[in-house]
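Written out below as structure tokens is the structure these notes cover.
The values are calculated or read from the model by the stated rules, or taken from the named source; none is laboratory data. All values reported here derive from a predicted model rather than from experimental measurement. Counting neighbours? That spans all protein chains shown, and the Cβs are built from the backbone with ideal geometry, glycine included.
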Amino acid sequence: MESNRHPPAPPHQRLTLGLKLGYGIGDVGSNIFIVTSGLFLLFFLTNTVGVSPGPAGLVLLFPKLWDVVTDPVMGAISDATHSRWGRRRPYLLLSAVPFGLSFFFLFVAPDHSSELANAIHVGLLFALGCTVFTMFNVPYSSMVPELTDDYNERTSVTSFRMVGSSVGVLLAGALAMPLVELGGKGATGFRFMGAVLAGLITLFSLACFWGTRYARTLPPATKSPPFGEQVKIALRNRPFAILVGMYVFQSLAMGVLMAGLVYYVKYVMDLPETAMGVIFPIFLVTGIAFIPVWVKVSARLGKIRAYRIGLLMLAGVLFSFFFTTASLLPLFYAQVFLLGVGFASFQLFPFSMMPDTVEYDELQSGLRREGIFSGVWSSAQKTAYSVGPSIVGFALAQAGFLTEGAQPPTVALGIRIVFCLFTSAMLALSLLFLTRYDLTEARFETIKQAISDRIATER
């Protein structure tokens with residue numbers, strides 16, 4: 001067993017490439033879970049288990065609402081944890097195997113006598129999987145403010161995380177349906193896919209624990225107000241509250257995008273669902289490739305201006321999908337490419353901006369509460385994501401979606417409305433929040449200096 005006796009890195013020292021890679025790899029497994037469930041769990045329920053889209057969407061909503069409670073609680077627990085591995089890393093190890101197992105059982109199709117029982121069965125397993133995901137992801141997300149307090153170095157380490165995130169999304173999107181096909185299609189195929197991806201989730205989670213063994217850590221919190229007051233304080237942090245409001249709308253759009261994409265491909269573009277094995281790699285490889293580009297744009301224009309450009313691009317491309325038809329396949333693939341360019345900015349900037357709000361809180365309160373902020377952030381993100389499949393399910397039900405046989409023409413229109421118009425509208429609304437965000441690099445450095453001056457005075 002390793003110890004945590006290595007001297008912590010000075011706060012302004014550049015992080016090593018090995019540490020950045022070790023941290024970034026942790027988001028591979030997390031995003032295999034997020035994306036596979038986001039892209040295919042609703043489809044699994046409607047097209048394999050035989051649950052109608054309305055109930056299927058609802059049953060996927062409530063497990064995610066459970067995260068509203070568990071995420072901030074997990075953040076508070078990790079803030080106060082004392083161990084030889086620091087505050088966060090013990091949970092990366094403890095959750096690794098349960099994380100994979102919960103994913104595997106999620107895609108084992110139930111065979112109860114009623115549609116309702118099947119839906120509840122999958123919903124309960126989804127709730128279990130979300131809880132284990134919280135145990136891993138909240139401490140993991142809380143590590144960035146501890147790794148370094150340098151404004152641009154946080155963007156750099158976040159870029160490694162977002163590359164790991166994109167690799168996870170790529171593995172999920174490219175492999176899931178081909179693995180279902182390879183495993184024999186239907187229930188047998190989904191079970192095979194679940195087993196393969198569950199193994200990858202566990203492997204990458206353990207690799208992150210090992211790869212961050214020299215990460216800088218901070219002492220556990222020795223004083224803090226009651227939990228409910230901590231959440232209130234987090235939401236009174238103006239830059240954080242603005243970011244959360246912005247990110248809720250964006251996550252809602254991404255939740256609908258993830259749940260609706262396979263339906264758009266199958267019922268609007270008239271492609272088989274296995275085409276996701278080509279479409280998603282185009283989308284995600286582009287996203288991975290353009291993360292370094294957005295880092296450079298950020299260094300030149302600042303995070304806020306660069307992010308605004310990325311959001312405008314993402315919203316515009318999604319809106320343009322409304323006018324694409326099956327006869328315009330080359331245009332569709334070009335749109336997928338551009339969607340990946342915009343998505344890279346969504347992957348990078350919120351997660352590099354959120355850690356900066358921790359210092360803002362520290363200046364006000366004198367406390368370091370990364371876990372609370374990560375927990376509130378994660379619960380807001382996952383709540384918004386969870387509503388996505390419900391919105392898609394509701395739209396499909398209203399459009400007359402059938403679990404068997406040919407679909408009526410209204411289904412394609414319903415998919416266009418929810419996948420193209422709704423998502424672009426949510427992204428446009430999020431820009432209203434971004435116009436009020438003013439935690440620039442210059443202001444961040446001023447806040448850090450004020451904290452240093454106060455600490456020096458107290459000594």
Name every residue in segment 172-196 that is under 23 Å from the mean Cα position of the chain (by Cα) and buried (at least 24 other Cβ atoms within 10 Å of the Cβ), in order of residue number. 172, 173, 176, 177, 190, 193, 194
Tell me which residues, restricted to segment 299-319, are more than 21 Å from the chain's Cα centre (by Cα) and touching a residue at least 60 places away in the same chain (Cβ under 8 Å). 299, 302, 316, 319
Filter segment 444-459 for residues that are surrounded by 13 or more Cβ atoms within 10 Å (Cβ to Cβ) and among the basic types (Lys, Arg); the one that is nearest to the chain's Cα centre (by Cα) is 448
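Quick grid of which residues meet (1) at negative phi; (2) modelled with pLDDT of 90 or more; (3) not in a helix (DSSP H, G or I):
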position: 371; (1), (2), (3): yes, no, no
position: 390; (1), (2), (3): yes, no, no
position: 414; (1), (2), (3): yes, yes, no
position: 418; (1), (2), (3): yes, yes, no
position: 429; (1), (2), (3): yes, yes, no
position: 433; (1), (2), (3): yes, no, no
position: 436; (1), (2), (3): yes, no, yes
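Every residue, every condition in (1) under 27 Å from residue 101 (Cβ atoms); (2) modelled with pLDDT under 85; (3) in contact with a Phe, Trp or Tyr (Cβ under 7 Å, 6 or more places away or on another chain); (4) not polar (S, T, N, Q), yes or no:
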residue	(1), (2), (3), (4)
151	no, yes, yes, yes
181	yes, no, no, yes
187	yes, no, no, yes
192	yes, no, no, yes
196	yes, no, no, yes
204	yes, no, no, yes
217	no, yes, no, no
237	no, yes, yes, no
251	yes, no, yes, no
Among the residues in segment 86-93, are any crowded, with 21+ Cβ neighbours inside 10 Å and out of contact with any helix residue (DSSP H, G or I) (no Cβ under 7 Å at 6 or more places or on another chain)? yes
Condition first: basic (Lys, Arg) and either closer than 24 Å to residue 149 by Cβ or at pLDDT 95 or above (or both). Now tell me which residues in segment 302-353 satisfy that. 303, 305
Apart from one, (1) over 11 Å from residue 254 (Cα atoms); (2) assigned to a helix (DSSP H, G or I); (3) modelled with pLDDT under 90 all hold for residue 403; the odd one out is (2)
Counted residues, segment 248-299 - those being aromatic (Phe, Trp, Tyr) and farther than 26 Å from residue 391 by Cβ: 2
For segment 106-151, how many residues meet the condition of being small (Gly, Ala, Ser), over 28 Å from residue 52 (Cα atoms) and out of contact with any Lys or Arg (no Cβ under 8 Å at 6 or more places or on another chain)? 1
Looking at 306, 384 in this structure, which one is surrounded by fewer than 24 Cβ atoms within 10 Å (Cβ to Cβ), in contact with a helix residue (DSSP H, G or I) (Cβ under 8 Å, 6 or more places away or on another chain), of a type outside the set (Val, Ile, Thr) and within 30 Å of residue 130 (Cα to Cα)? 384
For segment 42-78 the number of residues that are crowded, with 24+ Cβ neighbours inside 10 Å, among the hydrophobic types (A, V, I, L, M, F, W, C) and under 19 Å from the mean Cα position of the chain (by Cα) is 3
Could you list, in sequence order, all residues of segment 256-280 that are assigned to a helix (DSSP H, G or I), at pLDDT 85 or above and surrounded by fewer than 18 Cβ atoms within 10 Å (Cβ to Cβ)? 275, 278
Taking the condition assigned to a helix (DSSP H, G or I), under 22 Å from the mean Cα position of the chain (by Cα) and within 20 Å of residue 169 (Cα to Cα), does residue 241 pass? no
Only one of 255, 287, 245, 260 that is touching a residue at least 40 places away in the same chain (Cβ under 8 Å) and farther than 24 Å from residue 352 by Cα: 260
Please state which one of 105, 99 is part of a helix (DSSP H, G or I), modelled with pLDDT of 90 or more, of a type in the set (A, V, I, L, M, F, W, C) and surrounded by 23 or more Cβ atoms within 10 Å (Cβ to Cβ). 99
Please enumerate the residues belonging to segment 438-459 that are of a type in the set (Val, Ile, Thr), at pLDDT below 75 and under 23 Å from residue 349 (Cβ atoms). 440
Any hit, segment 14-25, residues being more than 18 Å from the chain's Cα centre (by Cα), modelled with pLDDT under 85, part of a helix (DSSP H, G or I) and of a type in the set (S, T, N, Q): no
List the helices (runs of 4 or more DSSP H) that sit entirely inside segment 112-225 and contain at least 2 residues that are of a type in the set (D, E, K, R), touching a residue at least 12 places away in the same chain (Cβ under 8 Å) and closer than 25 Å to residue 358 by Cα. 151-182
Tell me which residues, restricted to segment 33-85, are within 24 Å of residue 140 (Cβ to Cβ), at pLDDT 85 or above and not hydrophobic (A, V, I, L, M, F, W, C). 36, 37
